[in-house]
Amino acid sequence: MKGIILAAGKGTRMAPLTDWRAKPLTPLLGRPMIEHIIGGGAAAGVDEWIIVVGPFREQVIEHLGDGAQLGVMIHYVVQEVANGNGAATLLCEELIGGEPFLCSFGDIMTAPTNYPRLVRELNSGKWEAVITLNRVDDPFEGAAVYVDASRVQKIMEKPPRGTSTTNFNNSGIFGFTPLIFEMIRQTPLSERGEYELTQAAATTVGQGHPVGAVELEGYWCDVARPRDILKLEPLMLSAASPPDGMLVDPSAKVASDAHIVAPARIGPEAVVGSGTIGPNVSVARGAWVADGCSITDSAIFAAASVGAGSHLSRVLVEESAEVPAGTRVVGPGDGCHVIAP
């Protein structure tokens, strides 16, 4: 089965993490988030991917290559003009051919078990499209989806706050038949001057084509800002961790008197001295945390170092950044602080 990942956005809201990297390569638990999407889809039988790339596309192509290291085949399509995710999807029509396919926005993370559920529903033959849904208090920031049993009745993109009578939001992960390409061509430009994939799905519903719905289970996150990493990683850790809530790679070196508070992850070749790590902390490959540190609700990216006696909370330490000894940083309660190289 084939899949499309729409990963051509600039990722401006993710700055400064995207000042020098492609947004799809933003780390989550030590792996680029696009790898989490590919891995989840691959477990559901999606073994051939088309990735639509934009800014810093050379980084994405160099990192993923032809997909062999992930056990899949990868093709790349460049979106030269930022004219919407519907237009990006349309660029993939020839490569998709005539078969049903999975399609995901490149910054949507969900529990891996949801991909097989979506694929099974798409392959049931009942639907021209399948939309996955997550529950929110008010879907005004996304798209309100109205469902009768398992069939979508209406989709409203970014409805005014407080007007929706549904709590279902379009999650940004879809299953389509090739009909969607014609629906995109029939859908007018949005108010933003873009061709929108969600509006094309609404056109599909409006024309009476059967569109199914699958409510996601477990975690879901639109990873739009650095603070979303701190919100998401504990959820991913809780879903993936053994009963004690800790993932410590065998190659990591952790001091015998270090206090690791779950959920926490210590990645390959990381070094952690005495001190307290966690809860809600990930230490990526090759990172170094010196003695006497206290780190909570934070992520230490690959090859970064944290000097002795530092206190960090709600902090992202960028790749290869060096935090001086004795540093004390507490990020804002509704956000986080980023320490750059």
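Output yes when any residue across the range 29-43 is farther than 29 Å from VAL315 by Cβ, surrounded by 20 or more Cβ atoms within 10 Å (Cβ to Cβ) and not hydroxyl-bearing (Ser, Thr, Tyr), and no when none is. Spell out how you get there, then give the answer.
Of the range 29-43, the ones farther than 29 Å from VAL315 by Cβ are 41-43.
Those left that are additionally surrounded by 20 or more Cβ atoms within 10 Å (Cβ to Cβ): 41-42.
Now restrict to residues that are not hydroxyl-bearing (Ser, Thr, Tyr): 41-42.
Yes, the conditions are met somewhere in the range 29-43.
Let's see how each residue does on (1) touching a Gly at 6+ places or on another chain (Cβ under 7 Å); (2) under 26 Å from VAL223 (Cβ atoms); (3) aliphatic (A, V, I, L, M):
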site: ASP249; (1), (2), (3): yes, yes, no
site: LYS253; (1), (2), (3): no, no, no
site: ASN280; (1), (2), (3): no, yes, no
site: VAL289; (1), (2), (3): yes, yes, yes
site: ARG314; (1), (2), (3): yes, yes, no
site: GLU319; (1), (2), (3): no, yes, no
site: GLU322; (1), (2), (3): no, yes, no
For the range 189-246 the number of residues that are among the small types (Gly, Ala, Ser), closer than 19 Å to VAL281 by Cα and either modelled with pLDDT of 95 or more or in contact with a strand residue (DSSP E or B) (Cβ under 6 Å, 6 or more places away or on another chain) (or both) is 1
When every residue in the range 306-341 that is outside any strand (DSSP E or B) and in contact with a helix residue (DSSP H, G or I) (Cβ under 9 Å, 6 or more places away or on another chain) is compared, the one nearest to GLY267 (Cα to Cα) is ARG314
Expected single match for surrounded by 17 or more Cβ atoms within 10 Å (Cβ to Cβ) and under 16 Å from GLY212 (Cα atoms) among GLY172, GLY142 is GLY172
Pairing a residue in the range 300-311 that is at pLDDT 95 or above with any residue that is surrounded by 24 or more Cβ atoms within 10 Å (Cβ to Cβ) and of a type in the set (S, T, N, Q), where Cβ atoms lie under 9 Å and the two sit 6 or more apart in sequence or on different chains, gives ILE300/SER282; PHE301/SER282
Looking at the range 288-298, is at least one residue buried (at least 19 other Cβ atoms within 10 Å of the Cβ), among the acidic types (Asp, Glu) and either without any contact (Cβ under 8 Å) to a residue 60 or more places away in the chain or under 23 Å from ARG21 (Cβ atoms) (or both)?
-> yes
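Checking the conditions here, which among VAL323, VAL281, VAL329, VAL289 is closer than 15 Å to PRO226 by Cβ, outside the structural domain of ARG13 (by TED's automatic domain parsing) and among the β-branched types (Val, Ile, Thr)?
On the way: VAL323 fails: closer than 15 Å to PRO226 by Cβ; VAL281 fails: closer than 15 Å to PRO226 by Cβ; VAL289 fails: closer than 15 Å to PRO226 by Cβ.
Criteria check complete, one pass: VAL329.
The values are calculated or read from the model by the stated rules, or taken from the named source; none is laboratory data. The structure presented is a predicted model; accordingly, all values stated were derived computationally and were not measured. Cβ coordinates were reconstructed from backbone atoms using ideal geometry, including for glycine residues, and neighbour counts include every protein chain displayed.
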